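A short write-up of the structure that comes next.
The values are calculated or read from the model by the stated rules, or taken from the named source; none is laboratory data. Computed from a prediction, not measured in an experiment: that's the story for all the values here. Glycine also receives a Cβ, built like all others from the backbone with ideal geometry; neighbour counts cover every protein chain displayed.
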Amino acid sequence: MAGFRLTIEDGKFRDAHGRQVILRGINVAGDAKYPNQPDQPSHIPDNFFDGDNVKFTGKPFPKDEAHLHFSRLKRCGYNTIRYVFTWEAIEAAGPGIYDEEWIQHTIDVLRAAKEYGFYVFMDPHQDVWSRFSGGSGAPMWTLYAAGLNPQSFAATEAAIVHNTYPEPDGFPKMIWSTNYFRLAAATMFTLFFAGRVFAPKCIIDQVNIQDYLQDHFFNACAHLARRIHDAGGIEDEAVFGWESLNEPNKGMVGYHDISVIPKEQALKKGSCPTIWQTILTGSGRAVEVDTWDMGGLGPYKVGRSLIDPHGEIAWLPAGYDESRYSYVRDPGWKLGECIWAQHGVWDPSSDTLLKKDYFGKHPVTGDVINYTYFADKYFMDFFRKYRDTVRTHHKDAIILLQGPTMELPPDIKGTPDGDDPLLVYAPHWYDGITLMTKKWNRTFNVDVLGVLRGRYWHPSLAIRIGETAIRNCFRDQHAAMRKEGLEYLGNHPCVMTEFGIPYDMDDQHAYKTGDYTSQSAAMDANHYGVESAGLEGYTLWLYMAKNDHDRGDQWNGEDLSIFSIDDKLLPVSPIPSTPDLNQSTSSLLRPPATASSSQKKELDNDGNVTPVNIKRTLTNPSISSEAASRQPELTASPGYRAAEAYVRAAPIAAAGLIKNYVFDLTRCQFSMTIQAPKVAATESPTVIFLPDYHFTKDACSVEASSGKWEISSDEEETALIQRLRWWHGEGEQTIKITGLVRKYNGSQASDDPGYYEQCNRGTWSSCTIM
């Protein structure tokens, strides 16, 4: 179809030439989670609660930097962008008030992505509902609309928020994950997905709070979709689809006893109240709760702690003036009181729990509610409305369905929803042990998905010993999730839209030494998992333009970005001959005041890096040296941030069906098997991204089962990248490409762990080419 660069055929992505495409992508960018007017990463408390007066224009990065970032990502071999944006960015100022300046900025950045040939899908991102409940996503006014008072979340522990934490530098690692099981987020998600059922008294502007929240979310996304459509030249040509809400949570829906910690709360860290306990502390009561920590085999209880709000409550006080938002709250919804008390869940006069199973059955029909009921009913009701709203403007949008993390998808196979030809399954997966402990354990790991699915009669049977077993375990979990998509949704592509690793492992050892050995091993194992599982694509978490060694991703202590301003970029060739451009600040995109005429020729008339000169700028010694002279002094020797593990050979387009492919980092070898049709492609060959870092054109070998091939570097999509084009015969075809296998002190890289250390430190004199 004219104008369509990406379509779906028989559960596979196809390009305009009919070739199979693997979406090899990355999330861009984590900077989109927080505003820049004012600049308010999660550790900054200043004016935090002035949430109506924030702007996200310039996020994820200024438009005059877009070519720098997209060129960098293109050279890493990515062909897909999961474009991160938040509901707050569109509608922060109040219900129905859209930030047209931010929307225009988004359109401008998307146009830049189009110049680089990226396939783009939009990600309405949230974590734990909102920045004001410890995550990102929804505007502050949504909490007020629900009757909550975010300024009291700290005292009541209705949410643990980095911006209001007494000592931001001591914010516990990954503690935000428990916020889903605290009052603020648990209430918001319950209202968002099932407010009509469980909170019928919560009426605002004459509709239930569920409809009020959902309609505003749908309308905000629809407004953005309409603006992108009206802008022309972006829809379908770059933006091919929209993902549903990132990592939705069912809140309290399906809890059969709110006085106990539910089994689905797999991540326990710090104080872990039950829902009943968090309801009590949210109403000012002092409660002693269990505390947990995370170890190599999962969470373990460490003791008890007291949460004492000293009478402060997490609900808006009676008589609170909320006229600035213009909505009208029904008089039957009383401020100053817990909404769950108003619905008979508990009695505040005696602090008695009256209906511990209130959220476990339908109050009218009596239906027992479990996760399957939630997914098939409440989530799918939301998903259908979202899909239809987006397609009101983006008529042929591919919709990526994402249910709650690590849960089974809704059972819609064989239904009109499941028969949608433009549907994609978009699960998430993380190596939870590494993520929570921030250590790469080469000795053992756990089949977490298998445990969650009840495949072992005892969790100890899920342990995998040895690095090979760990890698295969990752592969098997991804493959199992893909199979679940086929079984529950139907024959649709599966794209793993988030997976990644923490870079600040081992107490930031790499930042002190420049040794990214552990990160490289973890990243390689993660990629092996997604490459070997038969997925139709993936988008790595994360690219972050402002990541640094001090604050990581600038959000809740996370540090998963493949790029940092405090680390080197991967050299263009295996042995770097010029300094690297290490920063992404706007100052580096303009020539110095004393720039020579030759320097200025690398830039356009306005002094901006442009698509036609980005390659020269990235490798020009004089410009790079100028950049280096302005970068802040590093506290440790910079490394390449394990780039050798994510800059990987990968198929770009296959003239046939890809049966398998993998990049073996230790052998520097890419192999792929495809099933070519009876009439093999002649004008449209199979194309493989072949990073010149691993595969120098004149020093790599190619073994192909048939046909001819060529290796060339070109700027077909603006950035200079190296590709192998292969014209082959029909039937089963194989190709194996072997690149630069390095030696260190006489032993191969796969046999010597010091190899990664040497290469990451940049001590290339010790690394020789075989």
What is the one condition in (1) of a type outside the set (Asp, Glu); (2) over 28 Å from Ile433 (Cα atoms); (3) modelled with pLDDT of 95 or more; (4) not assigned by TED's automatic domain parsing to the domain that holds Pro427 that Gly319 does not satisfy?
-> (3)
Residue within the range 109-129 that is touching a strand residue (DSSP E or B) at 6+ places or on another chain (Cβ under 9 Å) and over 30 Å from Phe13 (Cβ atoms) present = yes
May I ask you to list the residues in the range 27-76 that are in contact with a Pro (Cβ under 7 Å, 6 or more places away or on another chain) and under 21 Å from Asp123 (Cα atoms)?
-> Val28, Ala29, Asp31, Ala32, Tyr34, Val54, Lys55, Phe56, His67
Can you pull out the residues in the range 120-150 that are surrounded by fewer than 24 Cβ atoms within 10 Å (Cβ to Cβ) and of a type in the set (Ser, Thr, Tyr)?
-> Tyr144
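For the condition hydroxyl-bearing (Ser, Thr, Tyr) and either within 25 Å of His216 (Cα to Cα) or at pLDDT below 95 (or both), what is the one hit in Tyr386, Tyr358?
Tyr386 is the lone residue from the list that is hydroxyl-bearing (Ser, Thr, Tyr) and either within 25 Å of His216 (Cα to Cα) or at pLDDT below 95 (or both).
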Quick one: how many residues across the range 376-401 are touching a residue at least 40 places away in the same chain (Cβ under 8 Å) and either of a type in the set (Gly, Ala, Ser) or part of a loop (DSSP other than H, G, I, E, B) (or both)?
-> 5
Kindly check whether there is at least one residue in the range 233-245 that is buried (at least 19 other Cβ atoms within 10 Å of the Cβ) and under 20 Å from Ala186 (Cα atoms).
-> yes
Residues of the range 715-729 that turn out to be in contact with a strand residue (DSSP E or B) (Cβ under 7 Å, 6 or more places away or on another chain) and either in a strand (DSSP E or B) or in contact (Cβ under 8 Å) with a residue 60 or more places away in the chain (or both), as a count = 9
Can you spot a residue in the range 451-466 that is under 30 Å from Val21 (Cα atoms) and either buried (at least 17 other Cβ atoms within 10 Å of the Cβ) or touching a Lys or Arg at 6+ places or on another chain (Cβ under 7 Å) (or both)?
-> no
Could you check, for the range 415-424, whether at least one of its residues is under 20 Å from Trp541 (Cα atoms), modelled with pLDDT of 95 or more and in contact with a Leu (Cβ under 6 Å, 6 or more places away or on another chain)?
-> yes
Using the structure shown, decide if Arg19 is more than 25 Å from Ala645 (Cβ to Cβ) and either among the aliphatic types (A, V, I, L, M) or assigned by TED's automatic domain parsing to the domain that holds His162 (or both).
-> yes
Residue count, the range 298-329, condition touching a residue at least 40 places away in the same chain (Cβ under 8 Å) and surrounded by 15 or more Cβ atoms within 10 Å (Cβ to Cβ), comes to 12
What are the pairs, 6+ residues apart or on separate chains, where a residue within the range 547-570 that is among the aliphatic types (A, V, I, L, M) and surrounded by fewer than 22 Cβ atoms within 10 Å (Cβ to Cβ) has its Cβ under 6 Å from a residue that is part of a strand (DSSP E or B) and at pLDDT 95 or above?
-> Ile565/Asp548
By my count, helices (runs of 4 or more DSSP H) wholly in the range 46-154 with at least 3 residues that are under 23 Å from the mean Cα position of the chain (by Cα) and either among the hydrophobic types (A, V, I, L, M, F, W, C) or under 30 Å from Ala643 (Cβ atoms) (or both) are 66-75, 87-91, 100-115
Are there any helices (runs of 4 or more DSSP H) wholly within the range 427-517 with 2 or more residues that are within 18 Å of the chain's Cα centre (by Cα) and in contact (Cβ under 8 Å) with a residue 60 or more places away in the chain, and if so which?
-> 432-437
Could you list, in sequence order, the residues of the range 336-393 that are within 20 Å of Ala314 (Cβ to Cβ), in contact with a Pro (Cβ under 9 Å, 6 or more places away or on another chain) and among the aliphatic types (A, V, I, L, M)?
-> Ala341
Go through (1) loosely packed, with under 15 Cβ neighbours inside 10 Å; (2) on the phi < 0 side of the Ramachandran plot and name the single condition Gly344 misses.
-> (2)
Could you look through the range 666-691, keep only residues that are part of a loop (DSSP other than H, G, I, E, B) and crowded, with 21+ Cβ neighbours inside 10 Å, and pick out the one that is modelled with the lowest pLDDT?
-> Ala681
Leading residue by the ranking (surrounded by the most Cβ atoms within 10 Å (Cβ to Cβ)) among those in the range 151-182 that are over 18 Å from Pro299 (Cα atoms) and modelled with pLDDT under 95 | Phe171
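Do we find that Trp292 is touching a strand residue (DSSP E or B) at 6+ places or on another chain (Cβ under 8 Å), surrounded by 16 or more Cβ atoms within 10 Å (Cβ to Cβ) and more than 30 Å from Val446 (Cβ to Cβ) in this structure?
Details: touching a strand residue (DSSP E or B) at 6+ places or on another chain (Cβ under 8 Å): yes; surrounded by 16 or more Cβ atoms within 10 Å (Cβ to Cβ): yes; more than 30 Å from Val446 (Cβ to Cβ): no.
In short, no.
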Test: Ser136 is in contact with a His (Cβ under 9 Å, 6 or more places away or on another chain) and either in contact (Cβ under 8 Å) with a residue 24 or more places away in the chain or at positive phi (or both) = yes
Assuming Asp411 fulfils every condition listed in (1) modelled with pLDDT of 95 or more; (2) closer than 27 Å to Gln265 by Cβ; (3) under 23 Å from the mean Cα position of the chain (by Cα); (4) surrounded by fewer than 18 Cβ atoms within 10 Å (Cβ to Cβ) apart from one, which condition is it?
-> (3)
